[in-house]
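What follows is a short report on a single structure.
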Amino acid sequence: MFEATLSIDLGASYTKVAYRKKCVPDGVRSITESARILMVDGSPLIPSLAIQTKSKSKPWVFGWEAANLKPDASMRVFQNWKANLFRPQNDKDSAGAVIVAGHFLGWLKENSRRRM
């Protein structure tokens, strides 16, 4: 038997998450899997949008909440942050993308954990 697995597809426009609770070998070259797509914010598609706010109680907003938010001038919007993870040079944009990714993956972990 293999351990439970959380699979994350960091697509350009949307992120998708799948959870495989078990993968049990039935015999030689035969397995039984139990996997499903997780619904985060009520949808299998999670917008690839991050908004950094000035709020101490909620400094980052992601997913459909971010997509439906009308940011004001005090907020910083990251629309294409995933592409900046793969920049050939290490600069402020790639460093910023790593920071956004850390917050996004933490948020995704919390929201996925409730649905597993």
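Scan region 79-116 for residues that are of a type in the set (Asp, Glu) and assigned to a helix (DSSP H, G or I) and the total you get is 2.
Taking the criterion of being open to solvent by less than 20 Å² (accessible area, probe 1.4 Å) and closer than 15 Å to Val17 by Cβ, the residues of region 61-76 that qualify are Phe62, Gly63. Please work out if Lys58 is more than 18 Å from Ser13 (Cα to Cα), without any contact (Cβ under 8 Å) to a residue 12 or more places away in the chain and not in a helix (DSSP H, G or I). Yes: the conditions hold for Lys58.
Does Ser43 qualify as being of a type in the set (Ser, Thr, Tyr) and touching a helix residue (DSSP H, G or I) at 6+ places or on another chain (Cβ under 7 Å)?
Yes; evaluated as a whole, the condition is true for this residue.
Within region 60-116, being over 18 Å from Pro44 (Cα atoms) and of a type in the set (D, E, K, R) holds for Lys70, Asp72, Arg76, Lys82, Arg87, Asp91, Lys92, Asp93. Only one entry in Gln79, Gln89 is exposed (fewer than 15 other Cβ atoms within 10 Å of the Cβ) and touching a residue at least 12 places away in the same chain (Cβ under 8 Å), namely Gln79. Of all residues in region 45-60, those satisfying the criterion of being surrounded by 14 or more Cβ atoms within 10 Å (Cβ to Cβ) and either of a type in the set (Lys, Arg) or within 12 Å of the chain's Cα centre (by Cα) (or both) are Leu45, Ile46, Pro47, Ser48, Leu49, Ala50.
The values are calculated or read from the model by the stated rules, or taken from the named source; none is laboratory data. Just so it is clear, the model here is predicted, and its values are computed rather than measured. Cβ sites come from the backbone with ideal geometry, for glycine too, and all protein chains shown count toward neighbours. The protein model used for the area step is the full one, side chains on, heavy atoms only, and it has no ligands, DNA or RNA in it. Shrake-Rupley method; radii C 1.70, N 1.55, O 1.52, S 1.80 Å.
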